[in-house]
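One structure below.
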Amino acid sequence: MMIAPTLPTELKAALDARLQGFSRNDAAQRSQKISTTYRAGGGSGTIKSEADALAYALARMPATYAAVAASLSAFAEIAPGFAPETLLDVGAGPGTASWAAAEAFTSLRDFTLLDANATLSRLALELAQDSTRLSDCRYLPGDAVTNLAEASQADLVVASYVIGELGESDQRKLAETMWAKARHALVVIEPGTPAGYARILALRQHLIAAGAHVAAPCPHEKPCPLVAPDWCHFNQRLPRSQAHRQIKGAEVPFEDERFIYVALTRSPPAIRAARVLAPPDVGKAEITAKLCTRHGVELAKIPRRDKAAYAGARRWRWGDAVRSES
C-alpha cells in the first residue's frame, strides 16, 4: 500500500510547535545558505544552530519524506511479506527516513539513527519525543563512514540523501558497511539527478557483486539498460504549506521531488515486476508506456480495443510496478 507523501500528523504537529514565532524570512535565508552548500557538494556542516536545523527541516523535510515514503512503498509492494522489527537510519539528519519507515512498516519496533551533526540529532530527538512509535529511538553520534561499524545489525537499513556527500572511495566503503549491517534489506535514496543516478548505479553494481538481490525499482540484477543522456529517476508530488511556500519563495501550492532509489535484499524478491519509467502517453487509440522489464527497456503499446488492458494501463503512473509481466 502506498503511504501518503505528506508528513505524518504527529511529525507535522511536533514541527509546527517548534516553528511558533520562528521568522520565515530568517528561515528562508538560512535554508538558502544550506542549499547552496549542498549543491556545491558540501554536507550538513552549515547547520550549526537550532535555527539552522529548523530552517533545514522546514525547507527539506517534506520533500525528503515524500521521496523516502515512495521508495519504501515501492519496495514493500515487491516484498509484501517483509516485516522488519529493527531499523538503522544512516545519515538520519532530523529523522525523516525513520518516520517514513514507521509508516511503511508497522512491524518496526526499534529505531536507531546515526548522524554526525549534533544539531540535527537534537532536533530529531525533540520531534520524536512524543511519538507513539519513535519516542524510544536511539541516536548514535558520529560520521557514517567511520562510526557505522559500531552499530548493531538491523532488519532494514535506510540511507537517504547521504552518499552524495562523500567521495567515491568513501561511498564504496559506506555501501559495504551498510550492507554488512543489513540483516535483510538495504534501501538507498538519492536525488533524481544524473549524478544521483550514477551513485545509485555504482552502489547497486558493487553490492550485487557482493551477493545482493535487487527488489526495486529494477526487475533484474542486470546492468541498467538505459543509455545516456537518459537516466532512471522518479517523481513524487507533494502539497506545500503556506510556511513552506514562504521559505521556498514559491507561489505554486505543490512541489515535485525527483529521486532515485534502490532496494537490495539478502534473498531474491518474491515478485518480479516491470517498472514504469516515465509518465505514460494516453492517446485516443492507445496508451504508450516506457517500461523497464527483465528483458530490457520496452515501449509497451496498449490499444484501446483491448478494453481490459487499456483500462488497467490508464491507472499506470510513473514509478509504478506492473506485475503482469511473465
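Quick check for you: which residues of segment 100-125 have the amide N under 15 Å from the point 7 Å beyond the Cα of SER152 toward its beta carbon?
Zone members listed by number: 108-114.
Among THR96, SER241, LEU108, flag the residue with its Cα farthest along the positive direction of the charge dipole of the chain, charges on Cβ as +1 for Lys/Arg and -1 for Asp/Glu.
Toward the positive end, the furthest listed residue is SER241.
So how much slack lies between MET2 and ARG266, counting 0.36 nm per residue of separation and subtracting their Cα-Cα distance, in nm?
Values: separation 264, 0.36 × 264 = 95.04 nm, distance 2.32 nm.
Stretched out fully, the MET2 to ARG266 stretch lengthens by 92.7 nm.
Please give every one of the lysines within straight-line cross-link reach of LYS12, meaning a C-alpha to C-alpha distance under 29 Å, and leave out same-chain neighbours fewer than 8 residues apart.
LYS33, LYS48, LYS248
At 7 Å along Cα-to-Cβ for each site, give me the label-to-label distance between GLN32 and ALA180 in nm.
Once both label points are built, they end up 4.4 nm from each other.
For segment 85-199, what is the largest minus smallest coordinate of the Cα atoms on each principal axis, given in angstrom and ordered from greatest to least?
So the extents along the principal axes, rounded to whole Å, are 38, 30, 29.
To test your reading of the geometry: what angle, between 0 and 90 degrees and rounded to tens, separates the Cα axis of helix 118-128 from the longest principal axis of the chain?
Once rounded, one gets 70 degrees.
To the nearest 0.05, how large is the calculated FRET efficiency for THR46 and ALA308 if R₀ is 45 Å and r is the Cβ-Cβ distance?
Step by step, r from the Cβ atoms, then E = 0.25.
Which label marks the calculated value of Cα extents along the principal axes in Å, given the options [x] 59, 45, 38; [y] 63, 58, 43; [z] 62, 51, 33?
Identified label for the calculated read-out: [x].
Taking 0.36 nm per residue of sequence separation and subtracting the Cα-Cα distance, how much length would be gained by fully extending the chain between ASN25 and ASP130, in nm to one decimal?
Numbers: separation 105, 0.36 × 105 = 37.80 nm, distance 2.85 nm.
Contour length minus the Cα-Cα distance gives 35.0 nm.
Tell me, what HN-Hα J-couplings in whole Hz come from the Karplus equation 6.51 cos²θ - 1.76 cosθ + 1.60 at θ = phi - 60° for each residue of segment 49-55, using x for Gly and Pro?
Result, ordered by residue: 10, 4, 5, 4, 5, 5, 4 Hz.
Report the label-to-label distance for GLU85 and ARG317 in nanometres (one decimal), using points 7 Å from each Cα along the Cα→Cβ vector.
3.4
Going Cα to Cα from LYS173, which aspartates and glutamates come in below 14 Å? Please leave out same-chain ones fewer than 8 positions away.
Correct list for LYS173: ASP143, GLU165.
Rounding to the nearest 10 and keeping the result within 0 to 90°, find how far the Cα-based axis of helix 9-18 lies from the longest principal axis of the chain.
The angle comes out near 30 degrees.
Tally up the carbon and sulfur contribution to the accessible surface of the chain as a whole percent, 1.4 Å probe, everything protein left in place.
Values: 7610 of 14920 Å².
Looking at the chain in its full context, I get 51 percent from C and S.
Please determine, in degrees from 0 to 90 and to the nearest 10, the orientation of helix 194-209 with respect to the longest principal axis defined by the Cα atoms of the chain, where the helix direction is its Cα long axis.
Between the helix axis and the principal axis of the chain, the angle is about 80 degrees.
Name the long-range amide H neighbours of LEU277: under 5 Å, sequence gap of 5 or more, or other chain; modelled H, no Pro or chain starts.
Here the answer is LYS290, LEU291, CYS292, GLY319, since their amide H atoms fall under 5 Å of that of LEU277.
Just to confirm, what accessible area per residue do you get for the chain at 1.4 Å probe, in whole Å²?
On the way: 14920 Å² over 326 residues.
Per residue, the chain has 46 Å² of solvent-accessible surface.
Just grab the label-to-label distance for LEU226 and GLU251, each label 7 Å out from Cα along the Cβ direction, in nm (one decimal).
My value for the distance between the label points is 3.2 nm.
Only bridges whose two residues both fall in the chain count here: according to DSSP, what percent of them are antiparallel, nearest 5? Mind dumping the intermediate values first?
Numbers: 30 of 49 bridges.
Counting only bridges with both partners in the chain, antiparallel ones make up about 60 percent.
Provide the per-residue ³J(HN,Hα) series for segment 165-174, in order, calculated from phi with Karplus coefficients 6.51, -1.76, 1.60 and θ = phi - 60°, each as a whole number of Hz, with x at glycine and proline positions.
Result, ordered by residue: 7, 10, x, 4, 5, 5, 4, 5, 5, 5 Hz.
The values are calculated or read from the model by the stated rules, or taken from the named source; none is laboratory data. Just so it is clear, the structure is predicted and the values come from calculations on it, not from any experiment. Because the Cβ atoms are built from the backbone with ideal geometry, glycine has one as well, and the counts that use them run over all protein chains shown. Surface accessibility is based on the protein's heavy atoms, side chains included, excluding ligands, DNA and RNA. Shrake-Rupley method; radii C 1.70, N 1.55, O 1.52, S 1.80 Å.
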